[in-house]
1. With the checklist (1) modelled with pLDDT of 95 or more; (2) surrounded by 13 or more Cβ atoms within 10 Å (Cβ to Cβ) in hand, flag the one item GLU322 doesn't pass.
2. Could you list, in sequence order, all residues of segment 1-52 that are in a loop (DSSP other than H, G, I, E, B), of a type in the set (D, E, K, R) and in contact (Cβ under 8 Å) with a residue 60 or more places away in the chain?
3. Can you confirm whether segment 363-386 contains a residue that is buried (at least 16 other Cβ atoms within 10 Å of the Cβ), of a type in the set (Val, Ile, Thr), in contact with an Asp or Glu (Cβ under 9 Å, 6 or more places away or on another chain) and under 28 Å from ALA320 (Cα atoms)?
4. In segment 7-21, what residues are crowded, with 18+ Cβ neighbours inside 10 Å and of a type in the set (Gly, Ala, Ser)?
5. Return the pairs, sorted by first residue and then second, in which the second residue is open to solvent by 20 Å² or more (accessible area, probe 1.4 Å) and not in a loop (DSSP other than H, G, I, E, B), the first residue lies in segment 53-65 and is of a type outside the set (A, V, I, L, M), the beta carbons are less than 7 Å apart, and the residues are 6+ apart or on different chains.
6. Which pairs have Cβ atoms under 8 Å, sit 6 or more apart or on different chains, and link a residue in segment 308-329 that is within 20 Å of LEU43 (Cα to Cα) to one that is of a type in the set (Asp, Glu)?
7. In this structure, does LYS431 turn out to be within 41 Å of the chain's Cα centre (by Cα), under 22 Å from ALA323 (Cβ atoms) and open to solvent by 70 Å² or more (accessible area, probe 1.4 Å)?
8. Would you check if GLU334 is more than 17 Å from PHE259 (Cα to Cα), touching an Asp or Glu at 6+ places or on another chain (Cβ under 6 Å), open to solvent by 60 Å² or more (accessible area, probe 1.4 Å) and of a type in the set (D, E, K, R)?
Amino acid sequence: MKNFIEELKWRGMLAQVMPGAEELLQKEMVTAYLGTDPTADSLHIGHLCGIMMLRHLQRCGHKPIILVGGATGMIGDPSGKSQERNLLDADTLYHNQECIKKQVSKFLDFEAEGPNAAEMVNNYDWMKDFTFLDFARTVGKHITVNYMMAKDSVQKRLNGEARDGLSFTEFTYQLLQGYDFLHLYQTKNCKMQLGGNDQWGNMTTGTELIRRTLGNDQEAYALTCPLITKADGKKFGKTESGNIWLDRKRTSPYKFYQFWLNVSDDDAEKYIKIFTSLEKDVIDALIEEHKQDPGRRVLQKRLAQEVTVMVHSQEDYDMAVEASGILFGKSTKEGLEKLDEQTFLDVFDGVPSFTIAKDQLGQGIIEVLTAVAPVNEEQKDKVIFPSKGECRKMIQGGGVSLNKEKVSDLNQVVTEADLIDGKYLLAQRGKKNYYLITVK
């Protein structure tokens, strides 16, 4: 059985761990949990480090539990936040939980035979009938206000980092999270909590509550992974358009693949250890190969492959690779037609866009390319060709393509059969100038 702590160390995934945790992990199969609040119907790649911790835990022979915070998600954790979250209703939380379980199933084995099959639990199940008086008596009396006030997450909010101070609701969050640990300790023999390093304060409240409630000899431990950043110090997983989500409806597999493909060399070396299950000797060999010829981007390509296949599928990865070659490679019309509509639009996101009316089909290529209208005001001065003469001249010089096929006939007619996904034409002027035409 692999040593879980050693696995996390060489991967750069260990920030803090309580004394005694490593000895416990080597002594027995340990049940450990990680919590996530179902504030959206998808996880994003900022959650992936924690999920990968659970994956490595299970691969090392231990039992992972993913806790969806149906109850705590109704409140919001103050850790690292400058203002209180919006509260979600029960139906939304349930929907989000089901979506998250489906995503996590790609990382953890819920069907494993044996004692270390993964489990998902929802703290709403044990909190929904827990009265305020129960809470005050069972939890509140064991943890002092002084102890709670000393937490960094509370101090930061009280010392001016929050616009509206800290509500009582949020102040009690660490007790609710602590009670989750106590409940799982008693009902699932769960002795360890995993999480991001910003959760250390809440997690140690849980171990403290277990010891104060059940006795100082109880084995309860916390272990955190570092908060992942980019080489330039900026937040990992954010782009100009927002989070990179695991749900294909929020972030297409093509954009997901492109995110990993375009990370820096330094980040690729760090991320391939954290976000894949590749063994150390394989990763060391890839790093060495990459250093021999960084221009080939060996690390980025393998990283993008491993994560895209794990989160989406081999087919989605293959499509993303094919789509990536369209702008720069020798793709064909058949290659364009293989792409789903969202991937097609993502590939050509940002290229000048035009429209033509459907009744303009049936005309010659020159008429179509000079009759298009800019799709918005910002592009009102843009044209594909300023005149029919220039278009004719460029076709004669072999510089015009429609749907990746070179136009050689000046009288070529554009018909519905030329449309991609029944509504798009892709015009190309020279090697690098693309124009997306939508037929309405």
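The values are calculated or read from the model by the stated rules, or taken from the named source; none is laboratory data. Since the structure is predicted, the reported quantities are computational estimates derived from the model, not experimental observations. Cβ atoms come from the backbone with ideal geometry, glycine included; neighbour counts cover every protein chain shown. Side chains are part of the model used for accessible areas, which takes the heavy atoms of the whole protein and leaves out ligands, DNA and RNA. Shrake-Rupley method; radii C 1.70, N 1.55, O 1.52, S 1.80 Å.
1. With (1) modelled with pLDDT of 95 or more; (2) surrounded by 13 or more Cβ atoms within 10 Å (Cβ to Cβ) applied to GLU322, the lone miss is (1).
2. Within segment 1-52, ASP41 is the sole residue that qualifies.
3. no
4. Residue satisfying the conditions is ALA21 alone.
5. Qualifying pairs under 7 Å: PRO64/GLN58.
6. Taking only residues 6 or more apart or on different chains, the pairs are THR308/ASP316; VAL309/ASP316.
7. On the way: within 41 Å of the chain's Cα centre (by Cα): yes; under 22 Å from ALA323 (Cβ atoms): yes; open to solvent by 70 Å² or more (accessible area, probe 1.4 Å): yes.
Yes; evaluated as a whole, the condition is true for this residue.
8. Working: more than 17 Å from PHE259 (Cα to Cα): yes; touching an Asp or Glu at 6+ places or on another chain (Cβ under 6 Å): no; open to solvent by 60 Å² or more (accessible area, probe 1.4 Å): yes; of a type in the set (D, E, K, R): yes.
In short, no.
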